[in-house]
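Here the structure comes first, spelled out in structure tokens, and everything after it is commentary.
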């Protein structure tokens, strides 16, 4: 399943934002991808999941609890096991994998709840609306599938991600989790009701 977003099919507010002078510094409309789509990976796509997660860990290691060295050592079987935890959505920009968002469940969770994890957008697409497009697409799919509650954890100090999630209606639960071995020190749980 894929959702296409071609040039000219942006929302009015996204189009206005792209026209602002600040947006031109990160890539003009002419330089932006001509197509963005969100693809759900299957277990046979394990190598794509591996490549994009390793890219994310190399590019922005402080944003994740895992590490490049750890995940680089995972076997094919270990990568395939990631698909038993949930679904992995990738953002494809002009044929290149450029974003990632996982939808996972803990074993005791109902089918009406899930977690989002591992949101990452390639550096050249940041502040272009790509993260919003990926998040909106995944949330719409979850709503259509009958999910009512979406949870996530965000590392302390990741204000850009916090702002994005709050824009979509996520609220903090005021339940910080201490992470003494991580530079962020803690993470915060957030919740979104889809109904």
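Taken together, the values in this text are just the output of simple stated rules run on the coordinates, not laboratory data. Predicted, not measured: the structure shown is a model, and the values here were computed from it. Neighbour counts run over all protein chains shown; Cβ positions are idealised from the backbone, glycine included.
Within the stretch 158-172, the only residue that satisfies the criterion of being touching a residue at least 40 places away in the same chain (Cβ under 8 Å) and in contact with a strand residue (DSSP E or B) (Cβ under 7 Å, 6 or more places away or on another chain) is 161.
Scan the stretch 64-72 and give yes if some residue there is within 15 Å of the chain's Cα centre (by Cα) and buried (at least 16 other Cβ atoms within 10 Å of the Cβ), otherwise no. Checking the stretch 64-72: at least one residue is within 15 Å of the chain's Cα centre (by Cα) and buried (at least 16 other Cβ atoms within 10 Å of the Cβ). Scoring residue 82 on the criteria (1) under 15 Å from residue 48 (Cα atoms); (2) free of Cβ contacts under 8 Å to residues at least 12 places away in the same chain leaves a single failure, condition (2).
Contact map, the stretch 127-142: residues that are under 16 Å from residue 166 (Cβ atoms) paired with residues that are assigned to a loop (DSSP other than H, G, I, E, B), Cβ distance under 9 Å, separation 6+ or inter-chain. Pairs shown: 132/168; 135/168; 136/168; 139/147; 139/168; 139/194. None of 192, 178, 155 is free of Cβ contacts under 8 Å to residues at least 24 places away in the same chain and touching a strand residue (DSSP E or B) at 6+ places or on another chain (Cβ under 8 Å) except 178. Of the strands (runs of 3 or more DSSP E) entirely within the stretch 87-195, those holding at least 1 residues that are more than 11 Å from the chain's Cα centre (by Cα) and more than 18 Å from residue 63 (Cα to Cα) occupy 96-104, 113-121, 149-155, 185-193.
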